[in-house]
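A short worksheet on the structure shown next.
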Amino acid sequence: MQETLQNQLEKMNEKEFQKDLIQWFEKEMRDLPWRKNQDPYRVWVSEIMLQQTRVDTVIPYYNRFMEQFPTIEALAFAPEEKVLKAWEGLGYYSRARNLQSAVREVHEQYGGQVPKDPKEISALKGVGPYTAGAILSIAYDIPEPAVDGNVMRVLSRILSLWDDIAKPSSRKIFEEAVRHLINKENPSYFNQAMMELGALICTPTSPSCLLCPVQEHCLAFSEGIQRDLPVKTKKKSTKVIDLLTVMVQNQDGDWLMNQRPAQGLLANLWEFPSFEKQQEQESAVQIQEFLKTDFNVEAVVDAEPVLVQDHVFSHLTWKMVIFKAKTKDQTSIGDRAAWMNREAIERVALPVSHRKIWNHYLST
């Protein structure tokens, strides 16, 4: 594989490639809020939000987040509940927790200055090789590779590389390619241009080769194999979990809410009580037993569900069936549960799936 990369790189006119790529980016770059300056904190927040999330989705969240937490100090001292609420809807909430944890470390250890040293920045929680390279190159003009899926796809076509981009071991090959090709005078624009090219032109299924600014440098295009690359093995099928969820309302009109564990999936977010369904029992009976066992609440459960929905994560799917229930109980219900009125539910951070449940209730 190493010889193949070296052979392919030798075929490149890297100076012309850099010039064509950067000139295109200067003309065509999108007007994105995190590009207004090179503030490393702003770049950092944007890169964390953009992980596994589309640009159009991120923009409004980014603007609201930066209004609430405009500086490292503001985010470092913010309550986690407020940060999670600002993140609500973006998903992958561990990103928000890791970001705040790392920002606190920057505030305490580096005087609020995002470190320029690759080892120091890479040691921060949630900052992997791509994020470190993106911050160092975009904010500090340090020629470090920032290799994500877009960049691997672009390079696999330009250099005709057949390494499986789904394998972690392949990343090193693509990082080496970027180290060789990156423009040392303007690494910020080079890396951003590679990302932009993958997002707008060199797309996964239908690359717009006739519009590509580096078409003449692309080995895959010259050989007519651009649609065969990149090589990417399919993920294993995701796990499916059948969940029963219940909206329990007491005599005061308050709703029973449960806070998820401090570790694991959707940690510390609030939700309507949920549990994995057992196939052999009626749903309403299972819900009654669950509420009594876990919350010491006796409730009358509606016979029919009010909503059925699927929620898909990267590694599993929740098949959710949602019921309503009434109770006279208003007693203590444990450390991680609470009775909440409508205003309180609007204030706390809910997973997307449970926010949809609440919005459905409000609309009916």
Next item on the list: Tell me which residues, restricted to region 1-39, are in contact with an Asp or Glu (Cβ under 7 Å, 6 or more places away or on another chain) and either of a type in the set (Asp, Glu) or part of a helix (DSSP H, G or I) (or both).
Entry: Leu5, Phe25
Note to self: Residue under question is Ala96, and the condition is that it be assigned to a helix (DSSP H, G or I), within 30 Å of Lys356 (Cβ to Cβ) and not assigned by TED's automatic domain parsing to the domain that holds Leu266; does it hold?
What the structure shows: yes
Next item on the list: For residues that are hydroxyl-bearing (Ser, Thr, Tyr) and buried (at least 19 other Cβ atoms within 10 Å of the Cβ), tally how many sit in region 77-93.
Entry: 1
Next item on the list: Inspect region 154-167 for any residue being assigned to a helix (DSSP H, G or I), among the β-branched types (Val, Ile, Thr) and closer than 19 Å to Val55 by Cβ and give the result as yes or no.
Entry: yes
Next item on the list: Would you mind finding the one in Ala132, Ala166, Ala177, Ala220 that is in contact (Cβ under 8 Å) with a residue 40 or more places away in the chain, more than 19 Å from Gln6 (Cβ to Cβ) and of a type in the set (Gly, Ala, Ser)?
Entry: Ala166
Note to self: Restricting to region 228-237, count the residues that are touching a Ser or Thr at 6+ places or on another chain (Cβ under 9 Å) and exposed (fewer than 12 other Cβ atoms within 10 Å of the Cβ).
What the structure shows: 1
Next item on the list: Kindly establish whether Lys172 is among the charged types (D, E, K, R) and touching a residue at least 40 places away in the same chain (Cβ under 8 Å).
Entry: no
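So that you can scan it fast, the table gives a plain yes or no per residue for (1) without any contact (Cβ under 8 Å) to a residue 40 or more places away in the chain; (2) within 25 Å of Arg30 (Cα to Cα):
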{"position": "Phe190", "(1), (2)": "no, yes"}
{"position": "Gly224", "(1), (2)": "yes, no"}
{"position": "Thr238", "(1), (2)": "no, no"}
{"position": "Leu266", "(1), (2)": "no, no"}
Next item on the list: Being touching a residue at least 60 places away in the same chain (Cβ under 8 Å) and of a type in the set (Asp, Glu) is the filter here, so list the residues in region 78-106 that pass it.
Entry: Glu80, Glu81, Glu88
Checklist line | Condition broken by Thr53, with the remaining ones in (1) modelled with pLDDT of 95 or more; (2) among the hydroxyl-bearing types (Ser, Thr, Tyr); (3) within 21 Å of Ile138 (Cα to Cα) satisfied | finding: (1)
Notebook entry, point to check: Looking at region 183-200, is at least one residue in a helix (DSSP H, G or I), surrounded by 16 or more Cβ atoms within 10 Å (Cβ to Cβ) and in contact with a Lys or Arg (Cβ under 6 Å, 6 or more places away or on another chain)?
Noted result: yes
Notebook entry, point to check: Which one of these is out of contact with any Leu (no Cβ under 9 Å at 6 or more places or on another chain), free of Cβ contacts under 8 Å to residues at least 24 places away in the same chain and of a type outside the set (S, T, N, Q): Val308, Val312, Val300?
Noted result: Val308
Next item on the list: Please list, ordered by first then second residue, the pairs with beta carbon atoms under 7 Å, 6 or more apart or interchain, first in region 269-291 and touching a residue at least 40 places away in the same chain (Cβ under 8 Å), second part of a loop (DSSP other than H, G, I, E, B) and of a type in the set (Ser, Thr, Tyr).
Entry: Leu269/Tyr93
Next item on the list: State which residue pairs qualify: first residue touching a residue at least 40 places away in the same chain (Cβ under 8 Å) and inside region 54-68, second residue small (Gly, Ala, Ser) in any location, beta carbons under 9 Å apart, and separation of 6 or more residues or different chains.
Entry: Val55/Ala199
Note to self: Taking the criterion of being of a type in the set (D, E, K, R) and either closer than 30 Å to Glu16 by Cα or buried (at least 21 other Cβ atoms within 10 Å of the Cβ) (or both), would at least one residue in region 205-219 satisfy it?
What the structure shows: yes
Note to self: Considering only residues that are surrounded by 24 or more Cβ atoms within 10 Å (Cβ to Cβ) and of a type in the set (S, T, N, Q), which ones fall in region 132-156?
What the structure shows: Ser137, Ser156
Next item on the list: Check whether at least one residue in region 110-122 is of a type in the set (Lys, Arg) and either in contact with a Pro (Cβ under 7 Å, 6 or more places away or on another chain) or over 30 Å from Pro351 (Cα atoms) (or both), and report yes or no.
Entry: yes
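The values are calculated or read from the model by the stated rules, or taken from the named source; none is laboratory data. Predicted model only: the values in this text are computed from it and were never measured. All Cβ positions, glycine included, derive from the backbone under ideal geometry; neighbour counts span all protein chains shown.
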